[in-house]
Amino acid sequence: MPPSLTLDELEENFDLLGDWDERYQYIIDLGRKLPPAPPALHDEANLVRGCQSKVWLIAEPDAARPGALKFVADSDSIIVKGLAALLVGLHSGLTPAEILSLPVEESFERLDLKKFLSTNRGSGLGAMIQRMRQIASATAAA
């Protein structure tokens, strides 16, 4: 599991990093911290639609915090895996209501994150956020 992360911590980390090469390396390093994915994760049903790279994403109950979710993700692209790890770190440990109210896009806009991603990676990032919110909505409705 990548370290948990708040939006404020993410913004502070990005501010400390001098340029986008360092920020990309930070994202890649987050991806390297993801534990090896269980084989069952790589199932067609867990693929995030809208990503050019393959991204698998699931959520399970977080044993450390009743009512919260823990996300598990993997990708076949190192940058995308890092973006997935970033999102896992931001969303894991939150309740569905907290996930749905998390202003991820606004924070990413302030960081100019999508500006420095290719169009396809930016679309994939949006698809991962949308999938996490779909999971949170379905869990809240259950």
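Since every read-out is calculated from the coordinates, none of them should be taken as a lab result. Just so we're clear, the structure is a prediction, and the values are computed from it rather than from any experiment. Every residue, glycine as well, gets a Cβ built from its backbone with ideal geometry; the counts of neighbours run over all protein chains shown.
How long is the gain from GLU106 to THR6 if the chain were fully straight, where each residue apart is worth 0.36 nm and the alpha carbon distance is subtracted?
Extra length available between GLU106 and THR6 comes to 34.7 nm.
Please report, in whole Å³, the volume per residue of the convex hull around the C-alpha atoms of segment 1-79.
122
Quick one: go through segment 42-58 and flag any residue whose amide nitrogen is under 18 Å from the point 7 Å out along the Cα-to-Cβ line of GLN130.
Within reach of a label on GLN130: 45-58.
Check each of the trypsin sites (Lys or Arg not before Pro) in segment 29-100 and keep only those in coil by DSSP with at most 10 other C-beta atoms within 10 angstrom; list them in order.
ARG49
Could you point to the label whose value was computed as Cα extents along the principal axes in Å for the structure here, given (i) 73, 27, 26; (ii) 50, 43, 20; (iii) 43, 29, 24?
Read-out taken from this structure: (iii).
With runs of 4+ DSSP H residues as the only contributors, calculate the mean residue ellipticity of the chain at 222 nm using -39,500 (n - 2.57) per run, divided by the residue total and rounded to the nearest 500.
About -16000 deg cm²/dmol.
Where a ≥ b ≥ c are the square roots of the eigenvalues of the C-alpha gyration tensor, would you call segment 3-47 rounded, which needs a/c under 1.5, or, failing that, prolate if a/b is larger than b/c, or oblate?
Since a/c reaches 1.5 and a/b is larger than b/c, the shape of segment 3-47 is classed as prolate.
Compute the normalised compactness of segment 57-137: alpha-carbon radius of gyration over 2.2 N^0.38 Å, N being the residue count.
Taking the Cα Rg and dividing by 2.2 N^0.38 Å, one obtains 1.07.
Work out the length of the dipole vector of the chain about its Cα centre, built from +1 on the beta-carbon of each Lys and Arg and -1 on the beta-carbon of each Asp and Glu, and round it to the nearest 20 debye.
Using Cβ point charges on Lys, Arg, Asp and Glu, the chain gives about 480 debye.
How many nm is it between the label spots at ALA64 and TYR24, if each spot is 7 Å from the Cα in line with the beta carbon?
If labels sit at ALA64 and TYR24, their model points lie 3.1 nm apart.
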